[in-house]
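Throughout, read-outs are computed from the coordinates displayed, never taken from laboratory work. Because the structure is a prediction, the values reported are computed rather than measured. Cβ atoms come from the backbone with ideal geometry, glycine included; neighbour counts cover every protein chain shown.
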2 protein chains.
Amino acid sequence: MKYLHTMVRVTDLEASLRFYRDALGLEVVRRKDYPQGRFTLVYLAAPGDAGAELELTHNWDPEAYTGGRNFGHLAYAVEDIYALCRRLQAQGVTINRPPRDGHMAFVRSPDNISIELLQAGNPLPPEEPWMSMPNTGSW
Amino acid sequence: MKYLHTMVRVTDLEASLRFYRDALGLEVVRRKDYPQGRFTLVYLAAPGDAGAELELTHNWDPEAYTGGRNFGHLAYAVEDIYALCRRLQAQGVTINRPPRDGHMAFVRSPDNISIELLQAGNPLPPEEPWMSMPNTGSW
């Protein structure tokens, strides 16, 4: 299991790069624009510490980030996303976004912190009951 | 510069340990109770990835975590906290909690994400203008 990133949403990407990159001194590891989805992701890391990233999500259509929407989620790579989701369920945790694709799931902490789980390496072959499990709530 | 942790506040520490430790599978790296301050800190990390921590802050006196207070801050260890705070100021960033002690500072991102800066190793000798700089706002 590996920590990947903390994601925060940003209103103004250039202002955020001035802050996180130019002022704070993080380095941009990669950037990807998604014109279809109208958003941009920028991953940054501390110089010499590439393992732990900060992900900036910039939605091109403005949102107001009051009420905690500025904070996104914590993300972890996991060895077996199905086994982990089974354990989470056994502990009474709702799988808000089931790993239908064998690749990605979302759950929430007791205080509503959103946690992203990503299968390490290639996605697992799709498998029931996850394949046909609908989403529950938001994450 | 090194990523240290993401801090989240938790209402119920036992429920949170059931989630983060027993269900998600993180390991408790250390725990410290602060009876004087009436709070407990628990640091967790993914097995085999001790470098990036999740910090749980449990305030013994209940708070309602709506409106984003559930998310705390991102923390980084930095080589020279004074030099970094100077650069941040030069970029127009308010030093909400100046490093009066040569050890710790807080700033906020353009979207109000709280960022904690900690001097790596021992604190630097106290130095002006930081020593006598008051706090600004909250963080």
*Between A:L84, A:S132, A:V42, whose Cα lies farthest towards the positive end of the dipole of chain A when Lys and Arg beta carbons carry +1 and Asp and Glu beta carbons carry -1, centred on the Cα centre?*
A:S132
_segment B:31-80-segment A:1-70 distance, computed between alpha-carbon centres (Å)_ = 22
*Please get the size of the charge dipole for segment B:79-139, origin at its Cα centre, with Cβ charges of +1 on Lys and Arg and -1 on Asp and Glu, quoted in debye to the nearest 20.*
160
*Within segment A:26-121, which GluC sites (Glu not before Pro) sit in a loop by DSSP and count at most 15 neighbouring Cβ atoms inside 10 Å?*
A:E63, A:E79
*Taking the C-alpha atoms of segment A:36-97, how large are the radius of gyration and the largest Cα-Cα span, Dmax, in Å?*
15.7, 40
*Evaluate the Kirkwood expression for the hydrodynamic radius of chain B, namely the inverse of the mean inverse distance over all pairs of different C-alpha atoms, and round to one decimal in Å.*
16.3
*Given the rule -39500 (n - 2.57) for each run of at least 4 DSSP H residues, summed and divided by the residues of chain A, what is its mean residue ellipticity at 222 nm, to the nearest 500 deg cm²/dmol?*
-3000 deg cm²/dmol
*In what sequence do B:H5, A:H73 fall when counting other Cβ within 10 Å, fewest first?*
A:H73, B:H5
_Using the Cα centre of the protein assembly as shown as the reference point, and only Cβ charges (+1 on K/R, -1 on D/E), how large is the resulting charge dipole? Debye, rounded to the nearest 20._
220
*Of B:P110, B:P62, B:P123, whose Cα points farthest to the positive end of the dipole of chain B (charges on the beta-carbon: +1 Lys, Arg; -1 Asp, Glu; origin at the Cα centre)?*
B:P110
_What is the angle, in °, between the Cα long axis of helix B:81-90 and the longest principal axis of the Cα atoms in chain B? Nearest 10 is fine, range 0 to 90._
70
*Looking at segment A:1-70, which chymotrypsin sites (Phe, Trp or Tyr not before Pro) are in a loop (DSSP not H, G, I, E or B) and have at most 15 other Cβ atoms within 10 Å?*
A:W60
*Output, in nm with one decimal and in ascending order, the distances from the A:W60 label point to the matching label points of the other copies (7 Å from Cα along Cα-to-Cβ).*
5.3
*What ranking of B:L26, A:L56 emerges when the number of other C-beta atoms within 10 Å of each C-beta is taken as an exposure proxy, fewest first?*
B:L26, A:L56
*asked:* Per residue, how big is the convex hull of segment A:79-139 when only Cα atoms are used? Give it in Å³.
replied: 72
*To the nearest 20 debye, what charge dipole does segment B:12-139 have about its Cα centre, counting +1 at the Cβ of each Lys and Arg and -1 at the Cβ of each Asp and Glu?*
200
*Over its Cα atoms, what ratio of radius of gyration to 2.2 N^0.38 Å does the protein assembly as shown give?*
1.02
*Could you go through segment A:47-52 in sequence order and give the Karplus-derived ³J(HN,Hα) for each residue, using 6.51 cos²θ - 1.76 cosθ + 1.60 with θ = phi - 60°, rounded to whole Hz, and x for Gly and Pro?*
x, x, 9, 6, x, 10
